[in-house]
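What follows is a short report on a single structure.
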Amino acid sequence: MEELINKIKSRIHLSAKAEAYFYSISKEIFFSKDSSLIRQGQTVNKIYLVTDGCLRSYCTDINGREHTLQFAIKNWWISDYIAIHNNEGATLTIECLTDSTIIEFNAKDLEEMLTLFPEYEAFQRYILERHVVSLQKRILNQLQLSASERYDLFLEQYPDIEKHTRNYHIASYLGITQESLSRIRIEKVKK
Amino acid sequence: MKALQLVQYGEIKDSLAFKEVSKPNIQANDVLVEVKAAAINPIDTAIIKGNLQSIIPIPLPSTLSYDVSGIVIEKGDQVNEFEIGDLVYSRVPQEQMGALAEFVTVNSMSVAKKPGNITFEEAAGLPLAGLTALQSLEYAGIKENDKVLIHAGSGGVGSIAIQYAKSKGAYVYTTTSTDNVNWVKELGADRVIDYKTEDYKTIVKDADIVLDTLGKNYTLEAFEVIKQGGKVISIAGPLDEESAKMFGMADYKLPEELTQLCNAKEAKYKYIFMHPNGAHLSEIKTLVEDEKIKPIIDKVYPFADSISALTHLATGRAKGKIVIKLS
């Protein structure tokens, strides 16, 4: 939590009152491996910051297959923003791939934070812009790069993550079959 | 809800009817599953024909089928392992038989989350055959470098048993017909024996385990190919004495010929009767997600064509599972 406060302070001036309020609306929670923070279909009103561990968000299509949208490791934010913004049931399930510690915020409390302490908005905007950048990159990479190039970028973006993930998690993140992922890995070993 | 029910014993075309029945109720340990797909197995056609009336007495009419995948939509007070919305698969216990319906109630002990990397249709094809393969080979204590003969590698049980045995590091022999040799090889079997052109008894020597999925002569012949102290596991041969007791046949004796063969080879003979088990299905889920086991689907039928699906199954020519899509 202290790390987050320091990060906020490095970008904006956070008054003692605002800092105290921010502390009061945050909750550090430990989740064991395989537990779910959000389940597809449920109401969502929480946003999470990962402080330790590894999480995955995915949707399940009409045929029952999972498609991974995002992995979240230390310092990554994760939630189902569609569900929060549109006030509808979750499209995503968010599960812990390892024992994980997160800081939980109620989305309404964060909104209240912006009303009470408008200076916080600059930090909120920074987080959102970083999130949009990450999503834009992901879409563009998906459109224009080969599977092998996408895999390279994935490894850059999530170093060491392969220790915690199953092959089908990564294959479904890259939008390829598990066989293709195995082929790509074999080719990389040969090089 | 709509259900396909067995209304009388006999030929498939004369014995089944789609009926509107009430949605099943759940008990404290049950989940109610909205069925997405159900799979059919040889046991279903045997039930329809009335061949199993003495061992599996069921009231008529009854909804058919055991293999299911779908979504948990209700759960009993005592169920902690599952939540509403979980995607699951199961081999439904005998007393809850009825997967060919819009909803089915299942004891949560028999349920597992479905593998995330396959469809509902693929998942529905796994439970009965997968549990049979796993429980047979686990009973035999399968381990790395064991030599295992699996009969009928293209069948529902055989195709999964080959993959399960390979995941344990065994050397796998399997038998199949010429048409199936190539795709059975792709499942990972080390030596695929085309029974139309080769005699497996001259190829397989000193096997640690034989998985007999065919019965009759194959059960007896298994003792020709196993090593001294080997194991013959059967899902189609005669009952062993322990299994017979479970069915209330206290005075049952293993056929004399089989007893002699067991003694001569100091071998173990065991008849395996698959039992529903959620923990075993979770093990299969992991193997499927790691691509150690791939479900093999012959054909997916819409619910309205279930009777055609059962007729197709009865021909015995399916290569992999026959699945029925509910919604």
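Kindly provide the set of residues from segment B:67-81 that are of a type outside the set (D, E, K, R) and under 27 Å from B:Ile297 (Cα atoms), ordered by number.
Keep residues of segment B:67-81 that are of a type outside the set (D, E, K, R), which gives B:68-73, B:76, B:78-80.
Within segment B:67-81, B:Val68, B:Ser69, B:Gly70, B:Ile71, B:Val72, B:Ile73 meet the criteria.
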What helices (runs of 4 or more DSSP H) lie completely within segment B:112-180 and have 2 or more residues being modelled with pLDDT of 95 or more, more than 15 Å from the chain's Cα centre (by Cα) and closer than 23 Å to B:Val323 by Cβ? B:120-124
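Restricting to segment A:18-30, count the residues that are touching an Asp or Glu at 6+ places or on another chain (Cβ under 9 Å) and either within 25 Å of A:Asn87 (Cβ to Cβ) or charged (D, E, K, R) (or both). Don't jump to the end; show me each part of the working.
Start the filter on segment A:18-30 by keeping residues that are touching an Asp or Glu at 6+ places or on another chain (Cβ under 9 Å), which leaves A:18, A:21, A:24-30.
Those left that are additionally either within 25 Å of A:Asn87 (Cβ to Cβ) or charged (D, E, K, R) (or both): A:21, A:24-29.
Residues in segment A:18-30 being touching an Asp or Glu at 6+ places or on another chain (Cβ under 9 Å) and either within 25 Å of A:Asn87 (Cβ to Cβ) or charged (D, E, K, R) (or both): 7 in total.
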When segment A:26-61 is checked residue by residue, the ones that are in contact with a Phe, Trp or Tyr (Cβ under 6 Å, 6 or more places away or on another chain) and of a type in the set (Val, Ile, Thr) are A:Ile47, A:Val50
Members of segment A:1-44 that are within 16 Å of the chain's Cα centre (by Cα), buried (at least 16 other Cβ atoms within 10 Å of the Cβ) and among the polar types (S, T, N, Q): A:Ser36, A:Gln40
Can you name every one of the strands (runs of 3 or more DSSP E) wholly within segment A:14-103 that holds 1 or more residues which are under 22 Å from A:Gly175 (Cα atoms) and basic (Lys, Arg)? A:55-60
Note on segment B:1-19: residues more than 14 Å from B:Ala309 (Cβ to Cβ) and touching a residue at least 60 places away in the same chain (Cβ under 8 Å) are B:Met1, B:Lys2, B:Ala3
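When residues of segment B:75-89 are filtered for being within 14 Å of chain A (Cβ to nearest Cβ) and either in contact (Cβ under 8 Å) with a residue 24 or more places away in the chain or under 19 Å from A:Gly64 (Cβ atoms) (or both), how many remain?
Restricting attention to segment B:75-89, the residues satisfying the condition of being within 14 Å of chain A (Cβ to nearest Cβ) are B:75, B:80-89.
Next cut, either in contact (Cβ under 8 Å) with a residue 24 or more places away in the chain or under 19 Å from A:Gly64 (Cβ atoms) (or both) only: B:75, B:81-89.
Qualifying residue count for the region: 10.
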Flagged in segment B:275-304 as within 14 Å of chain A (Cβ to nearest Cβ) and in a loop (DSSP other than H, G, I, E, B), in numbering order, are B:Asp290, B:Glu291, B:Lys292, B:Ile293, B:Lys294, B:Pro295
Among (1) free of Cβ contacts under 8 Å to residues at least 40 places away in the same chain; (2) away from chain B (no Cβ under 14 Å); (3) closer than 22 Å to A:Leu97 by Cβ; (4) not charged (D, E, K, R) - the single one A:Cys59 does not satisfy: (2)
Counted residues, segment B:13-64 - those being crowded, with 20+ Cβ neighbours inside 10 Å, of a type in the set (A, V, I, L, M) and more than 20 Å from B:Ser327 (Cβ to Cβ): 2
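Taking the condition surrounded by fewer than 15 Cβ atoms within 10 Å (Cβ to Cβ), within 19 Å of A:Leu135 (Cα to Cα) and within 14 Å of another protein chain (Cβ to nearest Cβ), does A:His67 pass?
Values: surrounded by fewer than 15 Cβ atoms within 10 Å (Cβ to Cβ): yes; within 19 Å of A:Leu135 (Cα to Cα): yes; within 14 Å of another protein chain (Cβ to nearest Cβ): yes.
Criteria met by A:His67.
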Wholly inside segment A:106-191, helices (runs of 4 or more DSSP H) that include 1 or more residues that are more than 14 Å from every other protein chain (Cβ to nearest Cβ) and more than 26 Å from B:Ile293 (Cβ to Cβ) are A:107-116, A:121-144, A:147-157, A:178-190
Grab the strands (runs of 3 or more DSSP E) fully contained in segment B:206-274, keeping just those with 2 or more residues being crowded, with 20+ Cβ neighbours inside 10 Å and either over 19 Å from the mean Cα position of the chain (by Cα) or touching a residue at least 40 places away in the same chain (Cβ under 8 Å) (or both). B:207-212, B:226-234
From the list B:Thr197, B:Thr105, exactly one residue is hydroxyl-bearing (Ser, Thr, Tyr) and either within 14 Å of chain A (Cβ to nearest Cβ) or assigned to a loop (DSSP other than H, G, I, E, B) (or both). Which is it? B:Thr197
Residue within segment B:48-68 that is within 14 Å of another protein chain (Cβ to nearest Cβ), aliphatic (A, V, I, L, M) and under 29 Å from B:Ala318 (Cβ atoms) present: yes
Those residues of segment B:227-237 that are of a type outside the set (Lys, Arg) and either under 11 Å from B:Leu211 (Cα atoms) or modelled with pLDDT under 95 (or both) come to a total of 6
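The values are calculated or read from the model by the stated rules, or taken from the named source; none is laboratory data. Keep in mind that this is a model prediction, so the values were computed, not measured. For neighbour counting, all protein chains shown are included, and Cβ atoms are generated from backbone atoms with ideal geometry for every residue, glycine included.
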